[in-house]
1. Would you check which residues across the stretch A:29-66 are away from every other protein chain (no Cβ under 12 Å) and in contact with a Gly (Cβ under 8 Å, 6 or more places away or on another chain) and list them?
2. Filter the stretch A:67-79 for residues that are of a type outside the set (A, V, I, L, M) and under 12 Å from A:Gly98 (Cβ atoms); which is nearest to the other protein chains (Cβ to nearest Cβ)?
3. Could you please find all residues in the stretch A:101-124 being surrounded by 11 or more Cβ atoms within 10 Å (Cβ to Cβ) and of a type in the set (A, V, I, L, M)?
4. Would you say B:Phe26 is in contact with a Pro (Cβ under 7 Å, 6 or more places away or on another chain) and within 9 Å of chain A (Cβ to nearest Cβ)?
5. Residues to consider are B:Phe90, B:Phe10; find the one that is loosely packed, with under 15 Cβ neighbours inside 10 Å and at pLDDT below 70.
Amino acid sequence: MSGNQRSRTARNLSGTSSPLTPAVFYILIALADGDRHGYAIMQEVSKRSGGTVRLGPGTLYGAISRLLRDGLIEETEERPDPKVDDSRRRYYRLTGQGVRALSAEAKRLEGLARLARSTEIVRKLRDA
Amino acid sequence: MAVPGLNSRFAERLYGRLLLLYPRDFRARFGPEMLRVFGDTYELEPQDGSFVKRIAFWLHTFYDLVQSLGTEWVEALATTERVALSVATFVESLVIPAAICGTLTLAGFITATLTRRALPRGFESPAAEWQSTAFALEAGALVMIGLGVASLLGAYLMAPRRRASGVWIKL
C-alpha cells in the first residue's frame, strides 16, 4: 500500500464519517495505557468491556494487521528475554495517528450519546 | 486451569494445523503469535471444567477462526499485485472452496447413508443413539460451513473496492 493510500485510509478511520469497529476501538483503548502483547490486549479488552467483548486470536490479529497497515499502531522494537518470556510475543503501541483516531472516535461516540440523552424517551428512562 | 479432556500440547498442535487455513502471508506474519495467544488462553483462562464450558471454548475458537478466515482471504485476494505475481496464491485460494464443497459432499453422503439405514428400522432402534450423535455432529459442521460462507460473502460485500479513478469506497 502506498503512503498516500495509507494516510487516506487512516484519515478515513479517524474521521467521523467512518466509525471504528468495536474490536478496533477496544484494541486502541487497550493500547492507550502502554505497550502490550496480543494476549495482554485480549485480557484488557475483556476487562474493560466487562467481559462482553471476547476477542479470539483470529479477530485480534486480523484487526492488528489492518491497524498496522493503516499506521494506527506499530510494533515496538523490544523483544522479551527468552529466559523470561516467549520470544514469539510481539509488543504493540499506539502511533500519533492512532491517538488521533481514538480521540476522534471517542468524540463521535460522545456526540451520539449527547444526542440520545437530549431525546424525551432517554430522559424519561434515566429519571425512572 | 487447562480445559480438561485435551492435553494442552495436543490442543496447540490442533490449532496450529487450523492456522494453515489462513493465507500464507498472514500466517507467516502472525501465525506464531496466534499460536502463543491460543496457548495462553487455553492454559490461563479460568475454566471450571464443565462439559458446557469446554464446548463453549472450542465453539468460540472455531467461530473466531471461521469468521476471520473469510475476511483474511478476501483481503489477500483483493491485493491484486500479489495475486498476479503468485501462482501459488491462486492455487492456495482454491483450498477454502474445495474444503467447503468437500465437507458438503461428505455431509450429504452421511445424511443419505444414515437415512437409508434408519428408515427401514425406524428411529426407535438401538442404533438410533449413535445415529443421532452423528446427525448432531453433522448439523454442527453444516452450521460452521454456513457461518464460513456467510462470513466470506459478508467480507466480500464489506471490503473496500477500488473504482476506476483509484478512489477507495466502502460499501
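The values are calculated or read from the model by the stated rules, or taken from the named source; none is laboratory data. Just so it is clear, the structure is predicted and the values come from calculations on it, not from any experiment. Heads up, the Cβs are rebuilt from the backbone with ideal geometry, glycines too, and the neighbour counts pull from every protein chain shown.
1. The answer is A:Leu31, and nothing else.
2. Filtering first and then ranking leaves A:Asp70.
3. A:Ala101, A:Leu102, A:Ala104, A:Ala106, A:Leu109, A:Leu112, A:Ala113, A:Ala116, A:Val122
4. Values: in contact with a Pro (Cβ under 7 Å, 6 or more places away or on another chain): no; within 9 Å of chain A (Cβ to nearest Cβ): yes.
Judged against the criteria, B:Phe26 is not a match.
5. Details: B:Phe10 fails: at pLDDT below 70.
Exactly one of B:Phe90, B:Phe10 is loosely packed, with under 15 Cβ neighbours inside 10 Å and at pLDDT below 70, namely B:Phe90.
Condition check ((1) of a type in the set (D, E, K, R); (2) at pLDDT 90 or above; (3) under 21 Å from B:Leu147 (Cα atoms)) across all residues:
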site	(1), (2), (3)
B:Tyr22	no, yes, yes
B:Phe30	no, yes, no
B:Tyr42	no, no, no
B:Tyr63	no, yes, yes
B:Glu81	yes, no, no
B:Ala84	no, no, no
